[in-house]
Amino acid sequence: MKIIKQLLVNGEEVGLISDETRLELSSPGRARFLVQSDKPLTGVVQFSVGWSGMELYRLFVGYIDKPPTTVNAKQQLLFCRELSAALNRPLPMGLRHVSLKDVLAKISQQTELVFVTSSASYTRKQASHFHHIGGGYMAMDAIGQVFNIPQYIWQQQGDGSIYVGSWSGSRWASRPVQIPDKFFTEHLAFNSARMMMAPSLRPGVQFNRGIINCLTCSNDSMVITWTPLKEL
């Protein structure tokens, strides 16, 4: 079977020459696309991959981060970041008697990002205060400590929304997968390996060696890095 890739910029398909996408848990993903286009491109980017004759999986939703680099009259290099990179800004907050959803609503108000969480008890817990003077990434990391969330993660999903909460309450916790050793084409470290493209894999997926915390996709292969479940 053949890998199929689709790149949309502002809803219009663009000719794709090469690609590299890096996704991580609790950090915005980034991507680089070499495309065929004779006009400057800006706006929202959606990148999907899949096997021929099968469903395409949305791998990346983001925006073109800076003006494209012109390679020649008909080719451009696009540098993109996930929507969650909107957190890369000062987010001072001084909130009292708030729940997790209250804090996320405040962050959403300032960034226009959409957050989702589980129905676990920690989402209803009231914190006496949530005081923060740093940037958005630090605010997201602080949430896990303030609300005492076990196995805390935040992660942008395929539809652009951001899951915030315990890994055990995420969609991945109930969908473990098996990756046979024969799928790995190169072992790079004790917890990192190169393998054939698997369009449905994402950071957060649990497989027989641990939980994927980072993956880099390029052409028809991907490099995954994982953490043992007990260390998450």
Inset, instruction - Quick one: in region 1-17, of everything that is assigned to a strand (DSSP E or B) and of a type in the set (V, I, T), which residue is nearest to C80 (Cα to Cα)? - result: V9
Legend entry - Meets criteria (within 23 Å of D19 (Cβ to Cβ) and either touching a residue at least 60 places away in the same chain (Cβ under 8 Å) or not in a strand (DSSP E or B) (or both)) for G144: no
Inset, instruction - Counting only residues that are modelled with pLDDT of 90 or more and within 27 Å of V45 (Cα to Cα), give me the strands (runs of 3 or more DSSP E) lying completely in region 152-232 with at least 2 of them. - result: 152-156, 162-166, 192-196, 210-218, 221-227
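Yes/no per residue for (1) surrounded by 13 or more Cβ atoms within 10 Å (Cβ to Cβ); (2) of a type outside the set (D, E, K, R); (3) in contact with a Leu (Cβ under 9 Å, 6 or more places away or on another chain); (4) outside the structural domain of Q151 (by TED's automatic domain parsing):
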| site | (1), (2), (3), (4) |
| --- | --- |
| A31 | yes, yes, yes, yes |
| P40 | no, yes, no, yes |
| F47 | yes, yes, yes, yes |
| D102 | yes, no, yes, no |
| K106 | yes, no, yes, no |
| T117 | yes, yes, yes, no |
| G134 | yes, yes, yes, no |
Inset, instruction - Considering only region 76-100, state which residues are farther than 27 Å from M138 by Cα and surrounded by fewer than 17 Cβ atoms within 10 Å (Cβ to Cβ). - result: L77
Inset, instruction - Out of the residues in region 85-117 that are polar (S, T, N, Q) and within 18 Å of Q145 (Cβ to Cβ), state the one that is farthest from the chain's Cα centre (by Cα). - result: S99
Inset, instruction - Report whether or not N191 is among the polar types (S, T, N, Q) and touching a residue at least 60 places away in the same chain (Cβ under 8 Å). - result: no
Inset, instruction - Kindly indicate whether any position in region 28-37 is hydroxyl-bearing (S, T, Y) and in a strand (DSSP E or B). - result: no
Legend entry - Single residue of region 90-140 satisfying the filter (of a type in the set (D, E, K, R) and in a loop (DSSP other than H, G, I, E, B)) that is nearest to S27 (Cα to Cα): E112
Legend entry - Number of positions in region 55-79 that are within 17 Å of S37 (Cβ to Cβ) and modelled with pLDDT under 90: 9
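Looking at region 210-221 only, could you name the residues that are more than 15 Å from the chain's Cα centre (by Cα) and either polar (S, T, N, Q) or within 17 Å of D181 (Cβ to Cβ) (or both)?
Taking region 210-221 as the starting set, the residues that turn out to be more than 15 Å from the chain's Cα centre (by Cα) are 210, 218-221.
G210, S218, N219, S221, listed by residue number.
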Inset, instruction - State which residue pairs qualify: first residue without any contact (Cβ under 8 Å) to a residue 40 or more places away in the chain and inside region 200-213, second residue surrounded by fewer than 18 Cβ atoms within 10 Å (Cβ to Cβ) and of a type in the set (S, T, Y) in any location, beta carbons under 7 Å apart, and separation of 6 or more residues or different chains. - result: G210/T227
Legend entry - Flag for M196 being in contact with a helix residue (DSSP H, G or I) (Cβ under 7 Å, 6 or more places away or on another chain), outside the structural domain of A142 (by TED's automatic domain parsing) and closer than 30 Å to L16 by Cβ: yes
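The values are calculated or read from the model by the stated rules, or taken from the named source; none is laboratory data. Here the structure is a predicted model, which is why all the values come from computation and not from measurement. FYI the Cβ positions are ideal-geometry reconstructions off the backbone, even for glycines, and counts take in every protein chain you see.
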